[in-house]
Each structure stands twice: as C-alpha cells, then as structure tokens.
Amino acid sequence: MTSLDLHAVHKHYGPVHVLDGIGLSVAAGSRTAIVGPSGSGKTTLLRIIAGFEAPDAGRVTLGGQLLADGPSAVPAHKRGIGFVPQEGALFPHLTIADNVGFGLARNTPQRAERIAELMDMVALSRAMLARRPHELSGGQQQRVALARALAQRPRLMLLDEPFSALDTGLRASTRKAVATLLGNAGITTILVTHDQSEALSFADQVAVMREGRLVQAGPPAELYLRPSDVTTASFLGESIVLPAQLAGGWADCALGRIAVNDRQRGGAAQIMLRPEQLQVVQVPASSAHGTDASGCYGAVTDTDFGGSVCVLSVRLLRGSAAAVVAGADDLAEAAPLLVRTSALQVPPVGAMVRISVAGDAHVFSA
Ligand SMILES: Nc1ncnc2c1ncn2[C@@H]1O[C@H](COP(=O)(O)OP(=O)(O)OP(=O)(O)O)[C@@H](O)[C@H]1O
Ligand SMILES: [Mg+2]
C-alpha cells in the first residue's frame with residue numbers, strides 16, 4: 001500500500017495560475033475525494049499526479065519515491081498509477097477485450113481469463129467483450145475504462161468523475177462496489193467528483209479546491225459540520241448562515257439562543273446550521289410569540305411537497321432574541337427560512353410553527 005504526498009505544487013497555462021501551491025497527503029490504502037467548482041484545477045492536479053503533465057514547481061512523492069520535482073518527472077508509464085479520465089477515453093476501433101487488455105502484454109499468462117475477471121470486477125457481462133465502445137452505454141464505457149485501469153494492478157488509482165454517466169441508483173451501487181473493490185485490493189484512491197454527497201460517502205478524506213488552491217481537507221464529517229468558510233459550507237450541502245452574538249458557548253440569533261461549537265469566541269460572528277438540525281412542529285397561533293429560550297416561531301408561507309423530504313418556507317416572527325442581532329431584521333423581512341420536514345406532517349400555508357435546533361451551530365473563524 002502506497003501513500004501519496006503533494007508539496008507546494010504549482011502549474012501555469014500561459015498567464016493562468018491553474019494550481020497555486022497545492023499540498024495534500026493521502027494515506028496508504030485510503031480514499032480521498034477532491035471536490036471543487038468547474039475549472040478549479042481538479043483534472044490538472046490528477047494529470048500531474050499521473051505524470052501526463054509536469055508541475056512548474058513542487059514535488060509529487062508516491063510511497064517514498066519522488067515522481068516529480070518541478071519539471072523533472074518520472075514518465076507516466078513508469079509510475080504504476082491507474083487513471084480513469086473524465087471522458088472515459090476508450091479506443092473506439094478496439095474491442096472491449098482489447099481496451100481492457102490494452103496495457104497487458106500479449107504474452108501475459110492467462111491473458112483472456114484475466115480480462116474476463118476484470119469484467120466481472122466491474123460488473124459487466126463477459127458477453128460484451130467482443131463489442132466496440134460505441135455499442136455500450138456511457139455508464140458501461142466508464143466501467144470498461146475502470147477495468148482497463150485496474151488491469152495494471154496500480155499502486156494508486158485516480159478516478160476523474162468516473163460515475164457521472166450513471167443514473168442515480170446505479171451510481172450509488174457502482175460507487176459502493178468500486179470502493180469495496182479498491183479497498184479489498186488495498187489500492188490508494190483519489191476520486192474527483194462534482195457530487196458532494198458522493199464525495200462525503202466515498203472518501204476517508206475530502207479535499208475542497210477553489211481557484212487552484214486547496215481550501216480545506218479533512219474527514220467528511222468534519223468538513224460538513226465544521227467548514228472553514230461560507231463558500232465551502234454551501235459547496236458541501238445546504239446551509240443556514242446567520243449573524244449572531246456569541247458568549248460562553250451560546251449564540252443569540254434569529255432562531256433564539258442556540259449552542260455553538262466554539263466556547264471561546266465572543267461578540268459578533270457568523271454561524272451555520274445544516275437544515276437537518278432544524279425541527280419544526282405546528283403550534284396554535286395563540287402560543288406563537290417571537291423567540292423563547294430554545295426556539296423560535298414563524299408562519300408558513302409556502303410548502304414544497306418533494307416526497308421523502310418536504311420543504312417549508314417559514315417567515316420568522318420578530319422577537320426579543322432576533323432584535324439583538326445585527327441583520328436579523330433583514331432575515332425576518334427578506335428571505336424566508338427553508339426548513340425540511342417529513343411528508344407525514346406538512347403544516348399548511350398560514351400555519352404557525354415552532355422551530356427548534358438540534359446539536360451545535362458551527363462558528364465560522366473569519
Ligand atoms: N492544456 C491546457 N491549456 C490551457 N489551459 C488549460 C489546459 N488544461 C486546463 N486548462 C485550464 O485550467 C483550468 C483548470 O482546468 P481543469 O481541467 O483542471 O479544471 P477542473 O477542476 O477539472 O474542471 P471540471 O470540473 O470542469 O472538470 C481551467 O481554467 C482550464 O481552462
Ligand atoms: Mg475536470
């Protein structure tokens with residue numbers, strides 16, 4: 001099993017600084033997911049790790065072996081790295097069997113049997129081996145590309161959006177199967193994806209890139225619950241960001257007084273909750289009054305019945321806690337709060353609800 005280390009990796013294309021000092025460690029046998037907006041440099045980083053590009057500066061080390069030190073680099077075919085590119089990139093004129101076996105020497109013992117086993121590994125029928133890529137669906141082609149990369153028995157596997165052509169159900173099951181397969185083989189893996197839930201469920205470590213920089217890396221739960229800034233928070237899922245006044249581990253905000261995960265901070269700050277932390281129950285209109293010690297009240301202005309998850313728009317009532325917070329008036333005036341609820345108990349438009357918060361709010365450091 002092989003660990004990967006990136007140190008201060010820089011890459012320019014002309015005047016554009018595509019990678020701006022990336023540092024990242026991937027533990028042997030672990031799975032890292034890289035997420036980030038389109039154009040943030042994810043594919044460029046994978047191509048540098050694979051050896052298809054050389055960095056302008058910085059080091060890439062795999063299992064203690066220096067693969068790149070600035071422009072001087074070990075060639076791709078000597079790295080023992082599997083790469084499944086974003087577009088699959090099968091050879092259109094070759095059969096599936098020849099695509100999968102592309103990197104296996106003709107005289108490899110039991111070559112045909114090995115190719116067939118690789119098809120089994122990626123859950124494709126052996127009957128497809130005689131076909132050509134255009135006779136397969138997009139998702140099947142992606143799995144052939146994965147089988148081709150696995151054929152090399154790589155030390156490190158790089159997957160660039162490998163599940164993007166699969167529909168939701170097949171995507172989840174293929175992702176699990178691939179994770180198990182790579183895990184059992186002890187192959188260190190890096191997955192690039194646009195899909196935050198895919199990143200959070202696949203990886204031991206999630207790394208967030210923005211404009212060529214790595215803004216945060218850590219275990220999925222830490223990034224989800226303790227993102228470094230608002231942009232990262234919203235990139236990893238829906239978030240509710242509120243201005244607040246902090247003191248002694250508590251925040252006074254538009255939702256009342258709620259516990260925060262930082263006991264030291266005081267004064268004005270921004271806090272964040274995930275939607276699943278908000279719990280909502282319908283109450284008689286007569287009992288609704290601003291905020292109280294552990295929650296607040298509001299009126300339902302819209303309901304969106306989405307099946308397993310329904311979303312309520314709630315206009316918060318102005319209350320004493322909300323009044324002490326700069327900007328809270330704006331919240332009450334402007335955007336309603338979006339709260340998720342179960343399909344079993346959707347309060348009607350106009351109903352009064354009480355909103356309470358489960359768990360701690362996260363305090364942004366800046
Ligand atoms: N060979 C190249 N020459 C010039 N510019 C390039 C080249 N390859 C990539 N770029 C630019 O570098 C930036 C990063 O590209 P990259 O493909 O790494 O992004 P990405 O994060 O993978 O995006 P996506 O999510 O859309 O796949 C983009 O602005 C892109 O236009
Ligand atoms: Mg890309």
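The values are calculated or read from the model by the stated rules, or taken from the named source; none is laboratory data. In this text, all values refer to a predicted model and were calculated from it rather than measured experimentally. With ideal geometry, Cβ positions are generated from the backbone for all residues, glycine too; neighbour counts draw on all protein chains shown. For accessibility, only protein heavy atoms count, side chains too; no ligands or nucleic acids. Shrake-Rupley method; radii C 1.70, N 1.55, O 1.52, S 1.80 Å.
You will find that of Ala50, Ala68, Ala33, the residue that is assigned by TED's automatic domain parsing to the domain that holds Glu211, hydrophobic (A, V, I, L, M, F, W, C) and either without any contact (Cβ under 8 Å) to a residue 60 or more places away in the chain or within 9 Å of ligand 1 (Cβ to nearest atom) (or both) is Ala68 and no other.
Being within 15 Å of ligand 2 (Cβ to nearest atom) and either at pLDDT below 95 or under 18 Å from Leu191 (Cα atoms) (or both) is a description that does not apply to Val26. Residues in region 139-170 that are open to solvent by less than 40 Å² (accessible area, probe 1.4 Å), away from ligand 1 (no atom under 16 Å from the Cβ) and at pLDDT below 85 were compared, and the one that is farthest from Ile115 (Cα to Cα) is Leu166. Based on this model, can you work out whether Leu182 counts as modelled with pLDDT under 90, open to solvent by less than 60 Å² (accessible area, probe 1.4 Å), of a type in the set (A, V, I, L, M) and in the same structural domain as Ala27 (by TED's automatic domain parsing)? So Leu182 fits the description; yes. Considering Leu158, Leu146, the condition of being in contact (Cβ under 8 Å) with a residue 60 or more places away in the chain and either assigned to a strand (DSSP E or B) or among the aromatic types (Phe, Trp, Tyr) (or both) is satisfied by Leu158 alone. Checking region 167-187 against the condition returns no match, with no residue being of a type outside the set (D, E, K, R), within 16 Å of ligand 2 (Cβ to nearest atom) and in a helix (DSSP H, G or I). A single member of Val281, Val300 is assigned to a strand (DSSP E or B), open to solvent by 30 Å² or more (accessible area, probe 1.4 Å) and assigned by TED's automatic domain parsing to the domain that holds Leu317, and it is Val281. Any residue that is within 16 Å of ligand 2 (Cβ to nearest atom), modelled with pLDDT under 95, surrounded by fewer than 21 Cβ atoms within 10 Å (Cβ to Cβ) and within 25 Å of His12 (Cα to Cα) - is there at least one of those in region 64-86? Checked against the condition, which is being within 16 Å of ligand 2 (Cβ to nearest atom), modelled with pLDDT under 95, surrounded by fewer than 21 Cβ atoms within 10 Å (Cβ to Cβ) and within 25 Å of His12 (Cα to Cα), region 64-86 yields at least one hit.
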